[in-house]
Amino acid sequence: MPADQGLRVLQVTGRSVGGAAEHVLLLTRLLAAQGVDVRVALFGEGPLDTALVATGRPVHQLLPGSGGGAAAAWTAGPVGLVAGFVRLVRLLRREPVDIVHTHTSVAGVVGRLAAVVARVPIRIHMVHSVPGAHPGPRWRRAAGRWVERLLAHLTTEYVAGSHAAAALLRDGLPRRAPQGTTIHYSFDPEALARGATAAAEWRAQWHPEGDEVVVGIVGRLEPQKGVLELLPALPPLLAANRQIRLVLVGDGSLRPAVERSLADLGIAYRVLLTGWVERGGAVMPALDVLALPSRWEPFGIVNLEAAAAGVPVVAFAVDGVPEVVADGETGVLVRPGDTAAFADALGLLCADPQRRAALGAAARRRVERQFLPAEMAQAHVRLYRRCRG
């Protein structure tokens, strides 16, 4: 039964790439199924634009012709961002909504300011990465904290995808600011179903012999994801385990550096770079192990996608990852930054098919108990109703 047919929500986000965009796509589809009049506005073109349009909900491009660069909203420049702001204000006045729900950094700033100008009564911001809480240039971290403290006074409520992200957020906000609600991310069952059907085809592309253990790193090739730091620890692992096939699923600004590192380390022939895959979660059923070497990760949707596919995870125990991966129960957690221990954990898991199966089965059961898509959508509807009063 529809949850609330009278509720009008505009989700505002950046370019449609990465975990935040996957979340917006899933949430849009689920909210529509709940009877919510949900729309989407994008700051930049991206690879998931077509999938968003396919939901049947209105999708508005605020930076047309941005070319889908890796950080379209950042690189649009002041003129582009002002133009996007004006387009968003006009959109909100032309098609009024009850709630503007923003995602990502630039879209979160511009979206909330536009909502204030357009007199939208409820402004909710989802924190996918806590401003100023993670490595980066000192000036950008300070600016992020300062801007969010100012915007807190214009924000009705915050949403965090993990308890860890919520705690980091509260530490940086003024005392009287909204304290935030944790709504865990979920996974896309449709993408996983397609992936299960195509698993044999994926594996045939990756390793013609068919007897390797496939370890996947799924995500953007960007500094946050820690791939460059992990690569030097892999030659001993690959030399001692001839059955391992490493697949890097994704693309990004570090791809040339990753390719150079693989060549310098002499392991390029053991590693496949697939490039961008439209729905990264779809490859999970084709993997035997997911590796997540992220330096910071507020949650890591790929962890859920792997668990739902029955694939165990080896990850650094950073931020919200332990909320998804239970060490020794659904995967293996490693002390952050210890790449040698990370490689050792991969080796042990790849050599033990029974343990992989047990961890994967436990991961699937845990996801089915705690991270179901319908429950995530219902939690958002409850939040919207509470904010509306």
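The values are calculated or read from the model by the stated rules, or taken from the named source; none is laboratory data. The structure displayed is predicted, hence computed values, not measured ones. Glycine also receives a Cβ, built like all others from the backbone with ideal geometry; neighbour counts cover every protein chain displayed.
What to note about this one:
- So VAL321, is it surrounded by 24 or more Cβ atoms within 10 Å (Cβ to Cβ) and either over 21 Å from LEU248 (Cβ atoms) or touching a residue at least 40 places away in the same chain (Cβ under 8 Å) (or both): no
- Among the residues making up the stretch 5-26, those that are modelled with pLDDT under 90 and small (Gly, Ala, Ser) are GLY6, SER16, GLY18, GLY19.
- Of the helices (runs of 4 or more DSSP H) entirely within the stretch 132-208, those holding at least 2 residues that are farther than 30 Å from PRO336 by Cβ and over 18 Å from the mean Cα position of the chain (by Cα) occupy 189-206.
- The set of residues in the stretch 344-359 being aliphatic (A, V, I, L, M) and surrounded by fewer than 17 Cβ atoms within 10 Å (Cβ to Cβ) consists of LEU348, ALA351, ALA357, ALA358.
- For first residues located in the stretch 205-230 and within 17 Å of GLY275 (Cβ to Cβ) and of a type in the set (D, E, K, R), partners that are modelled with pLDDT under 90 and assigned to a helix (DSSP H, G or I) and lie 6+ apart or on another chain with Cβ distances below 9 Å form the pairs ARG220/GLY18; ARG220/GLY19; GLU222/GLY18.
- Residue under evaluation THR274, criteria (1) farther than 22 Å from TRP206 by Cα; (2) part of a strand (DSSP E or B), criterion not met: (1)
- The selection criterion, being over 25 Å from SER253 (Cβ atoms), surrounded by fewer than 23 Cβ atoms within 10 Å (Cβ to Cβ), among the charged types (D, E, K, R) and modelled with pLDDT of 95 or more, does not hold for GLU368.
- Of the criteria (1) over 26 Å from GLY18 (Cα atoms); (2) touching a residue at least 24 places away in the same chain (Cβ under 8 Å), which one ALA343 fails: (1)
- Verdict on ALA160 being more than 20 Å from ARG15 (Cα to Cα) and either among the small types (Gly, Ala, Ser) or free of Cβ contacts under 8 Å to residues at least 40 places away in the same chain (or both): no
- Sole residue being aliphatic (A, V, I, L, M) and surrounded by 24 or more Cβ atoms within 10 Å (Cβ to Cβ), chosen from ALA362, ALA341, ALA306: ALA306
- Consider the stretch 29-40 and keep the residues that are part of a strand (DSSP E or B) and over 18 Å from the mean Cα position of the chain (by Cα). The one that is surrounded by the most Cβ atoms within 10 Å (Cβ to Cβ) is VAL38.
- Test result for ALA115, of a type in the set (A, V, I, L, M), in the same structural domain as GLU229 (by TED's automatic domain parsing) and in a helix (DSSP H, G or I): no
- For the stretch 172-192, a residue qualifies if it is more than 21 Å from VAL367 (Cβ to Cβ) and without any contact (Cβ under 8 Å) to a residue 12 or more places away in the chain, and the qualifying residues are ARG175, ARG176.
- Residue within the stretch 270-281 that is touching a residue at least 12 places away in the same chain (Cβ under 8 Å), more than 21 Å from ARG295 (Cβ to Cβ) and among the polar types (S, T, N, Q) present: yes
Yes/no matrix, rows are residues, columns are (1) in contact with a Ser or Thr (Cβ under 6 Å, 6 or more places away or on another chain); (2) acidic (Asp, Glu); (3) closer than 26 Å to GLY360 by Cα:
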position	(1), (2), (3)
LEU230	yes, no, yes
LEU238	no, no, yes
VAL247	no, no, yes
LEU262	no, no, no
PRO285	no, no, yes
ILE301	no, no, yes
VAL314	no, no, yes
PRO322	no, no, yes
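- Filter pass, ARG39 being among the basic types (Lys, Arg), within 15 Å of ASP98 (Cα to Cα) and at pLDDT 95 or above: yes
- Within the stretch 15-48, the residues that satisfy the criterion of being out of contact with any Ser or Thr (no Cβ under 8 Å at 6 or more places or on another chain) and either under 17 Å from ALA160 (Cα atoms) or polar (S, T, N, Q) (or both) are SER16, GLY18, GLY19, GLU22, HIS23, LEU27, GLN34.
- Just so you know, in the stretch 82-108 the residues that are surrounded by fewer than 20 Cβ atoms within 10 Å (Cβ to Cβ) and under 13 Å from LEU62 (Cβ atoms) include one that is nearest to the chain's Cα centre (by Cα), and it is PHE85.
- Residue tally, condition in the same structural domain as ALA286 (by TED's automatic domain parsing), modelled with pLDDT of 80 or more and at positive phi, over the stretch 178-230: 2
- Just one of (1) in contact with a helix residue (DSSP H, G or I) (Cβ under 9 Å, 6 or more places away or on another chain); (2) closer than 30 Å to ALA351 by Cβ; (3) among the aliphatic types (A, V, I, L, M) fails for ALA204. It is (1).
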